[in-house]
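Below is one structure, written out as structure tokens; comments come after it.
The values are calculated or read from the model by the stated rules, or taken from the named source; none is laboratory data. All figures in this text were calculated on a predicted structure; none of them were measured in a lab. With ideal geometry, Cβ positions are generated from the backbone for all residues, glycine too; neighbour counts draw on all protein chains shown.
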Amino acid sequence: MKVFITHGASPLARALATQLLERNRLTDSGGRESAIDRILLLDSAPAEKSADKRIRNVSGRYDDPSLLGELIDADYCAIFDLTTVGAVAGATLDAIVLLMEIIRETGHRPKLVVGTTLALDEAALPVLRYTQMSAIDGRVLKLAETDGAAAVAALIDAHERTAESLGDARFF
């Protein structure tokens, strides 16, 4: 399984990647548990190279459709979008919509967890729309803190919940 994390140079993304590698397994949208083969960390800021060969750092813009189109393929079963963590109210959600549109074009339906510090309704509307279109298995998590073990645990918990257990409550 491949995992894609945006805002990859942030402390939260690095801690999430570390915890995912220690855990080494995630459940896909079909309910199948798989080992993690690769984690791709995307950030506009350059990141230091990881000693773990399963981690790939890519420096680039989140809103670059060509870059996202090159990076995202049907092998990604887990996507953690952290681009709005620390964003100000009213921040554009165009990058999230672009990400979901590129995912939709792959014809694959991965689990997408959007971790945000924005108001839930602002981040949730596009995720709900793409979930209803069956393009993603989406959920939005309002983060009270942006680093630390509690935030990482909450992101992984949001990912591992099954669609059936979430029902329409995909936003928490």
(request) Can you tell me which residue among Val85, Val97 is touching a helix residue (DSSP H, G or I) at 6+ places or on another chain (Cβ under 8 Å), among the aliphatic types (A, V, I, L, M) and under 24 Å from Ile156 (Cβ atoms)? (result) Val85
(message) Among the residues of region 97-143, what is the count of those that are touching a His at 6+ places or on another chain (Cβ under 6 Å) and among the aliphatic types (A, V, I, L, M)?
(response) 1
(request) Kindly check whether there is at least one residue in region 33-40 that is under 19 Å from Asp157 (Cα atoms) and surrounded by fewer than 14 Cβ atoms within 10 Å (Cβ to Cβ). (result) yes
(request) Look at region 61-74 and say how many of its residues are closer than 24 Å to Ala87 by Cβ and either among the aliphatic types (A, V, I, L, M) or loosely packed, with under 15 Cβ neighbours inside 10 Å (or both). (result) 8
(message) Of all residues being surrounded by 12 or more Cβ atoms within 10 Å (Cβ to Cβ) and among the small types (Gly, Ala, Ser) in region 149-172, which is modelled with the lowest pLDDT? Just the residue, please.
(response) Ala163
(message) more than 25 Å from Thr131 (Cβ to Cβ) and modelled with pLDDT under 95: is that true of Ser44 in this structure?
(response) yes
(message) For Ser59, only one of the following conditions fails: (1) under 12 Å from the mean Cα position of the chain (by Cα); (2) of a type in the set (Gly, Ala, Ser); (3) over 22 Å from Glu22 (Cα atoms). What is its number?
(response) (1)
(request) Inspect region 8-25 for any residue being within 17 Å of Leu143 (Cβ to Cβ) and touching a Ser or Thr at 6+ places or on another chain (Cβ under 7 Å) and give the result as yes or no. (result) yes
